[in-house]
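Each remark here refers to the structure printed beneath this line.
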Amino acid sequence: MAVAAHLPDRRLLVVTAMPVAAFLVLLAALAAASPGLLEAGSLLTLADSAAPLTVLAAGATIVVLCGGIDLSVAALASLASVLLASWAPGLHGWAVPAVVTLCALAGAVQGLVHVAFRIPSFVVTLGGMTLWSALALLASGAATVPMPDSTPTDWAFTRLGGLVPSAVLVALGTMAALAALLRVTPLGRWVRAVGHAEPAARLAGLPIARIKVIAFALSGGTAGLAGVLLVARTFSGAPTLADSLLLPAVAAIVVGGTAITGGHGALWRTLVGAGIVTLLRVGLSYAGVDAAYESILYGVLVVGAVALTIDRSKVSIVK
Amino acid sequence: MAERIQTYGPAAALLALVAVFAVLSPQFRTLGNLQNLLDAGAVLAVVTIGATYVLILGCIDLSAAGVMGACALAVSLLVANSRTALDLGPLGVLLVVALGAAFGCLSGVLSVGLKVPSFMTTLGVSAIGLGVATVLFAGVQPTVSDPWLLQWASGRWLGFTRLTYLALATVALAWLVQRYTRLGRYALAIGGGEDILRLSGIRVGRYKVAAFTLAGACYGLAAVMITAQLGSGIVQAGAGLSFAAITAAVVGGTQLAGGRGGVAHSMVGVLILTVLANGLVLIGVSPYAQRAVQGVIVVFAVGATLWPLRHRLEVVK
Amino acid sequence: MTTIRATFALLAAGTLLLAACGGTDSTASGGDTQKPDGACKPEQIKLIGQVRNQTNPYEAAWLQGGDEFAKKVNLTQQRLTYDGESAKQQEQIRQVLASGDARCTVLNVLPNGDSDTTPIVKQAQAAGAYLVTQWNKPADLKPADYDRWIAHITYDGKDSGKQIAEALIKAIGGSGGIVALQGILDTAAAKDRFAGLQAALAEHPEVSLLDQQTADFDRAKALTLTKTLLTKHGDAIKGVWAANDDMALGALQALEAAGKSGKVAVVGIDAVPDAVKAVQDGTMTATISSDGPWQGGIGLAMGYCAATGQLNVASVQPRAFYAKQFLVTKDNAPQFATPKVDPAEFECANLFSRVTGPVADG
Amino acid sequence: MIEVSGLRKAYPGVVALDGVSLQIRPGEVVGLAGENGAGKSTLLKALVGLVRPDEGTISVRGRQVRLRGVAEAAAHGIGMVFQEQSLVPNLTAAENILLGCEGSGVRLGVYRWRRLRELAQAQLDKIGSRVDPMARTETLSFAERQMVEIAKVLAIEERTKEPPVVLLDEPTSVLETEEIETLFAQIERLRKHASVVFVSHRLDEVLQVCDRVYVLRGGQVAGEIDPATADAADLHRMMIGTEATGSHYHDDLHTPPERESVRLSVRGLCGDGFSDVSFDLARGEVVAVAGVHGSGREELCRALFGGRAITAGQVELDGETVRLSSPRDAVRAGLGYVPSERKVEGIVAAMSVAENMALPHTGALAREAQAVEEWIERLRIKTPDRHTAIGTLSGGNQQKVVLARWLLTGSLRVLLLDHPTRGLDVGAKSEVYRLIRDLSASGVSVLMLADSLEECIAMSDRVLVMKEGRVTMTLHTPPGAKPDPVELVKEMV
């Protein structure tokens, strides 16, 4: 019996609005401790900080919707940063599309390995993670690669009208583009169908393998774009630049309320999730919480946020 | 056949590695290196036991780093040390193992009670553990001066360190628990079919919490061991060990989906990783290449063990 | 459908909210009188010290030094720690510069890596905050090109690597085999220090480098690695050169477990309390102190002096410099056992007393 | 022993139990007969606490009980052998048999394997099974697992002092003759100190074993039969009731197939579970495949849809050879498939009616929405709107959505129906029949695995009888000349 179906609409609304509510409550609590947080400049900076994380998590959300997981995104973003910084002098502006395309291809390769050899996505992308990291180390000679001329990436790190960070627009644009792709084409319902009930999707004649490969390719592509955003703000590429963003990215997806088991979730949820995670990462120290207690609070709040936002009616067994 | 490859494949891989290194490096073949190998693998073995108990449930435990940090600090403050006047000795060690168990219990209770995926709760508990460790650290690193505890790492019987024996004893105990107790068998069963256990009226939640608690206790013990080795309480004592332990378990044949593998499998994985790290240094592989080589071998090992099963797996996630 | 509508509604509401806030703020910032350099009142100044984490003795001591300076001028230091995550470091800095009066903010920062310094400098410059960076910076980035980046303080890694190498060579009697434990390979500190070792070895051909491996600056990894190296080379190892004290202490534990404590010389860098104690006890030969508390205080002091007008940034010469470091041996170890800060060194007149020379390319 | 009165359970759109009352007396073997969807499974589940009835009461030994789970039912001495097995695959057979009630096999949380083995062996001995109690369950064959399952339920009698009630849901469907004999002997033995409820599709078995048989129809007790005086035909008649007339199957809408134009031609098809299968399907023809479990008809149907490997033989569609290596290929060739496991393989419960209907569809969204609305109307799918989650609809409406999925494309040539009316109520069944008639009239060819023999004969133009993976007989079943089901049964077994 479909449990969710019997829910009254109000309950459904609560479940839907929960991530947003959690975000607002957290923001209010932090603002109470440190009122400066609510200034426009401060909020926009917060959004700016959330941008690379949002982009990184965007594509990975689609993989999660398929019922898989992509642990390679952060390493791939690091590799992208190295490649971009090394190619920018030669390719100028073309380096950005080249890097993003290459990362999408790398994602697709992982998807192919996952589909063709039937190795769980967790293991494939774990392997991908070590592989991309090693390649990034090799390509960079285990050192930071500076961008002597930052013009190819300046668009990703300016403030439009002196106020709105362009990275935020890039993040929102990426989200909107992916959301549109999922909505305008059948891909959205295919991805969710695969995540909810792969046997049914298969027997409905869906191209399961292709859907999964596309999901991993999108995930790789957005990871590459996240790498570009990071290069833009650090003016260099480094083989471990984005590595620390892996767990926050997965946390953003889960805190947003997308079920890690697949099927249930949405891109806007990841947007909100990235906001919550960024608040926790930056807001706590900003609000003057001592580093020791910051870590404790982070632990408590992230579990609390997930407890609030996940929709338990969709999954019977929680692992 | 597929069944056999899954069970004995990792062991065969381990033997192959040992053979290759033994041929390539005369130092690898020495008794001294065996003693060193087992000593080097001791901490990872104990952490991996903990991780294995959670993995066979079908859950995942990423809390080792934080829990071990808190426990390492706690033990270095409870036995004779440079900062506090306490000198609890063995009692202190027991208290710290209990502290680890309490952290594990917290992960379990949060996962079961709040129905939050274990992935998130253990990550949260890890952060909490790191915070507790930082509070205990308070800017001054405690140095352990308790000779009894320090003897764990330096004292030797028959050439092997006491830590080696402690790890072996823990492995044996964990294997017995898994084979002969209700907790061990039910943990396996939960991984195999949680819903069926519920149907049979078994309180699954309790056993899940118990498994997490056991894992926490293992992390506590591992933290004591590492503190004995390093001689000081270090917050980063468990850094990277969650990941290494899960990798070891998976390489050994304990599956992430739960219900398959166990302590014996995971220990083969621990040995593979330890032999690899040791052997690559001994045969003189460049430090740059070591990590990449390890990664490739790990993926290859997992791929090879899953290969014969690929037709049976209708849905792979 | 309802979800989309709800999302749009929320987005719209959020935008409105932002616009509303932005509206009030833009008038405020429009009326912001551009403060001339050095026009901050002492009580307006915000002191910020940022390090990786406070869970290692060196960085804890650094923050302690910052606190002591802050106390001296009746302010408090805001401690920021970023857990070694580059992204988090940037986010934190952006956030503290985004609100309040950035022009009276003083940052004393330990950048996570070379590449992290560039964005930090650019942001501080844009926001008008006073900045002192330490240890890491890319070679082509020069404080002299910025008017808010007061100074970059670092230590000559090649020199320190060489100093301890020489102490080690002396301790093993001028000949024999040694092994080197390197730091994280893609850091400048690891490379420079190792270069120092190689320079020392070039002068002493009778000492041979048996093996060099990386233990990532990590104590536990160094412990295991040293054990393996002891198996590999056995009694040929007369000394262990470690790129930092944590690894030296790990090596020390390995030697102790092998019953070779005191028989093999060990050197490190950083002068963490355990290492200083080991030097005092004679189990370790030497370490190098950069004086963490001084580092934590001096950066804030420079910023404070500049913000209050007591220091003219443009007049500082050189802007990127090496600071004095101290070789800790058994003779002078007691005085490093309890590191203390000398408030006099933080006086605006004495800020540059420890400069040993300009960074070659800075 | 057990007295059920006025039991009612409704799911959205379907009333599964509609005031069922019956008694089970001590030492009695009671049969439950009825077509699929008659309410047998729901009734059994209510008796073991898996389904909570909306109305009505269950009394055990004179005391009214509210059962909240299998464990509670077991405490009252009620145990069930599930059709879909409930064994933990990675435990030993012994552990499964004693799961949750290890008794003296576990002391203070510590397993005593030898004792555990003895206890389990005792249960297995009761049914004369030679399964090794220490074998890991997943290494056993399906039939062996079934024996373990039965042993597990029999273990209940060790727990309660009172005589237990054992519910057997289709226990014989996969057992060999010899094993069935053993099981019947065991039921005879059980009768001395327990009551047994026996459910089977094989009517002769029901009549052979049971003292009394309740016939369920449409969620109600249609009547009670005394095996001593009745035969299979009586039982069958009561199961089908009076609705099984021509109008139920919409005989009036039947159009004769265009024999001369062959739509699907299957030649020498081999695969796992079937071999050397050849037949033709004419335009607009409805062919039913009859056969018992294990006859290979399900496998054949799957293979034709690309869901199982075809090892030899060829398939031609309208004269062109087609490759069917995945469902995707099949869909592209113009095949459609309605799987029997609707909830797992047919629909994506959490997604909307529109999304489910247009699942494989690729095309402009606006036109798609229009088409979905059109089919909702044409098939009279009862749903609040097209955005409603399909899981909330009744089984019949879900099935119509699954069917509409293949109609939406407009290029459907052959429809494979695997138990299309399973779990549907009478009205919904009739509507599905009507749809099949319409499709066949429009030239779509239908290959159908029917839920009941009645349906098989009534709906088809021809019946293929399969036995042990081969087509053993073809029977023409034109309107007005339908054969008797009993004849067909003879051919099947």
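What is the percent of Cα-Cα separations in chain D that go past 36 Å?
36
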- Shape of region C:157-289, Cα gyration tensor, a/c cut at 1.5: rounded
- Run the dipole for region C:212-362 about the Cα centre, Lys and Arg Cβ at +1, Asp and Glu Cβ at -1, nothing else charged, and hand back the magnitude in debye, nearest 20. 380
- Under the span-like rule (Cα at least 24 Å along the axis, Kyte-Doolittle mean at least 1.0), DSSP H helices of chain B: B:2-24, B:31-55, B:90-114, B:118-137, B:204-230, B:263-282, B:287-306
- Note on the structure: Counting sequence-distant residues (5 or more places) and residues on other chains, those with an amide H built under 5 Å from that of residue D:112 are D:106, D:107
- Item | Bridge type composition, the protein assembly as shown - antiparallel percent by DSSP, nearest 5 | 45
- Task: Take the alpha carbon atoms of region A:98-147, find their center, do the same for region D:401-480, and report the distance between the two centers in whole angstrom.
- Result: 50
- Item | Gap separating the Cα centres of region B:158-223 and region D:136-212, nearest whole Å | 36
- Taking every pair of alpha-carbon atoms in region D:332-391, give the share separated by more than 15 Å as a whole percent. 54
- Can you tell which of B:93, D:466, B:36 lies farthest toward the positive end of the dipole of the protein assembly as shown, using +1 and -1 charges on the Cβ of basic and acidic side chains (Lys, Arg; Asp, Glu)? B:93
- Message: Which residue, A:173, A:251, D:450, has the largest displacement toward the positive end of the dipole of the protein assembly as shown when charges sit on each Cβ (Lys, Arg +1; Asp, Glu -1)?
- Response: A:251
- Helix D:365-378 versus the longest principal axis of chain D: what is the Cα-based angle in degrees, 0 to 90, to the nearest 10? 70
- Estimated distance in nm for a label pair at residue B:145 and residue A:112, the labels positioned 7 Å out from Cα along Cα-to-Cβ: 6.4
- Query: About its Cα centre, how strong a charge dipole does chain B have in debye, to the nearest 20, once Lys and Arg get +1 and Asp and Glu get -1 at the Cβ?
  - Reply: 580
- For residue C:110, the net charge from surrounding residues (Cβ-Cβ under 15 Å; K, R +1; D, E -1) works out to -3
- Query: Taking amide H positions as placed 1.01 Å from N in the peptide plane, with prolines and chain starts having none, which residues 5 or more places from residue A:143, or on another chain, fall under 5 Å of its amide H?
  - Reply: none
- About its Cα centre, how strong a charge dipole does the protein assembly as shown have in debye, to the nearest 20, once Lys and Arg get +1 and Asp and Glu get -1 at the Cβ? 1280
- Looking at C:86, C:249, D:441, which one has the Cα that reaches farthest to the positive end of the dipole of the protein assembly as shown (charges on Cβ: Lys, Arg +1; Asp, Glu -1)? C:249
- Item | D (Stokes-Einstein, µm²/s), Kirkwood Cα radius, chain C, 0.692 mPa s at 37 °C | 149
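Set the Förster radius R0 to 30 Å, insert the Cβ-Cβ distance between residue C:340 and residue C:310 as r into 1/(1 + (r/R0)^6), and round the FRET efficiency to 0.05. Don't skip to the end; give the middle numbers.
On the way: r = 24 Å, r/R0 = 0.81.
For R0 = 30 Å, the calculated efficiency reads 0.80.
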- Task: Just check chain A against the gyration tensor rule for me: Cα atoms, a ≥ b ≥ c as the square roots of the eigenvalues, rounded for a/c under 1.5, and otherwise prolate or oblate depending on whether a/b exceeds b/c.
- Result: oblate
- What whole-number value in cubic angstrom gives the convex hull volume per residue for the C-alpha atoms of the protein assembly as shown? 180
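Using the Kyte-Doolittle scale, find the helices of chain C whose mean hydropathy is at least -1.0 and whose Cα atoms extend 15 Å or more along the helix's long axis, counting only whole DSSP H runs.
Values: long enough: C:2-30 (41 Å, 0.90); C:57-72 (22 Å, -0.90); C:86-98 (18 Å, -0.82); C:114-127 (21 Å, -0.54); C:157-171 (21 Å, -0.37); C:188-203 (23 Å, 0.23); C:219-233 (20 Å, -0.23); C:245-257 (18 Å, 0.47); C:292-307 (23 Å, 0.55).
For chain C, where a helix must reach 15 Å along its axis and average at least -1.0, the hits are C:2-30, C:57-72, C:86-98, C:114-127, C:157-171, C:188-203, C:219-233, C:245-257, C:292-307.
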- Task: Quick one: compute the contact order of region A:1-154, relative version, from alpha carbon pairs under 8 angstrom and 6+ residues apart, as a percent.
- Result: 25
- Item | Among beta bridges that DSSP assigns inside chain D, antiparallel share in %, nearest 5 | 60
- Could you please report the charge total around residue D:393, scoring K, R as +1 and D, E as -1 over all other residues with beta-carbon less than 12 angstrom from its beta-carbon? +4
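Local charge sum around residue C:124 (other residues, Cβ-Cβ under 12 Å, Lys/Arg +1, Asp/Glu -1)?
Summing Lys/Arg as +1 and Asp/Glu as -1 gives +3.
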- Note on the structure: Here, residue D:228 and residue D:68, labelled 7 Å along Cα→Cβ, have an inter-label distance in nm of 4.4
- Of C:137/C:170; C:232/C:263; C:72/C:324; C:221/C:277; C:137/C:340; C:158/C:263, which ones are farther than 25 Å apart at the Cα? C:137/C:170; C:137/C:340; C:158/C:263
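When DSSP beta bridges are limited to those with both residues in region D:251-492, what percentage is antiparallel, rounded to the nearest 5?
If we restrict to bridges inside region D:251-492, about 60 percent are antiparallel.
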- Any DSSP H helix in chain A with Cα axial reach of 24 Å or more and mean Kyte-Doolittle score of at least -1.0? Listed by number, the hits are A:9-33, A:40-65, A:73-91, A:95-117, A:121-140, A:166-184, A:208-234, A:291-309
- Let me know the shape class of region A:223-319, please: from the alpha-carbon gyration tensor, a ≥ b ≥ c as square roots of the eigenvalues, rounded when a/c is under 1.5, otherwise prolate if a/b is greater than b/c, or oblate. oblate
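Values in this text are rule-based calculations from the coordinates and carry no lab data. Source: prediction; values computed, not measured. With ideal geometry, Cβ positions are generated from the backbone for all residues, glycine too; neighbour counts draw on all protein chains shown.
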